[in-house]
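A quick write-up on the structure given underneath.
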Amino acid sequence: MASVFIPVAFMSGPVGIFYRQFSITMATGIILSGIVALTLTPALCAIMLKNHHGKPKRKSLVDRFIDAFNKRFDLLSNRYMRLLNRVVSRRLITFGLLIVFVPAPGC
């Protein structure tokens, strides 16, 4: 893909001037993406897929924060689901409120 955008950077005339920054940006991004895909991504996969089974894992500050966040998020999600279940189970009231709050056409 970089071979498509690099020649555009060397075009002359108004089209070349107009597309020069775009082509340089795209070519640089594509080349850097290729470098990351060939070097950094395999190294990160090796780190993440390392076998840690059977070893006790110490909880870091970040792990404790994420656990607390997930616990509170689940609590809030469950409360929201209970509220939605109450609203959905009372369809007549829900449609009544919908009619009251949605303006009539032309208002």
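No lab work stands behind these numbers, since they all come straight from the coordinates. Model, not experiment: these values are computed from the prediction. Ideal geometry is used to build each Cβ from the backbone, glycine not excepted, and the neighbour counts take in all protein chains shown.
Could you size up the charge dipole of the chain around its Cα centre, putting +1 on the beta carbon of Lys and Arg and -1 on that of Asp and Glu, and report it in debye to the nearest 20? Please report the intermediate quantities before stating the final value.
Values: 14 positive and 3 negative charges, 171 e Å.
In debye, rounded to 20, the chain gives about 820.
PRE reach from Ser33 (point 7 Å along Cα→Cβ): which of region 1-19 fall under 13 Å by backbone N?
1-5
Could you tell me the relative contact order of the chain? Use alpha-carbon pairs under 8 Å, at least six residues apart, and round to a whole percent. All intermediate terms of the calculation are to be shown ahead of the outcome.
Details: 31 pairs, mean separation 16.3, N = 107.
Here the relative contact order equals 15 percent.
Net charge near Phe69, counting Lys/Arg +1 and Asp/Glu -1 over other residues with Cβ under 14 Å of its Cβ? Intermediate results must be reported in sequence, preceding the final value.
Details: positive: Lys59, Arg64, Lys71, Arg72; negative: Asp63, Asp67, Asp74.
Within the 14 Å Cβ shell, the charges total +1.
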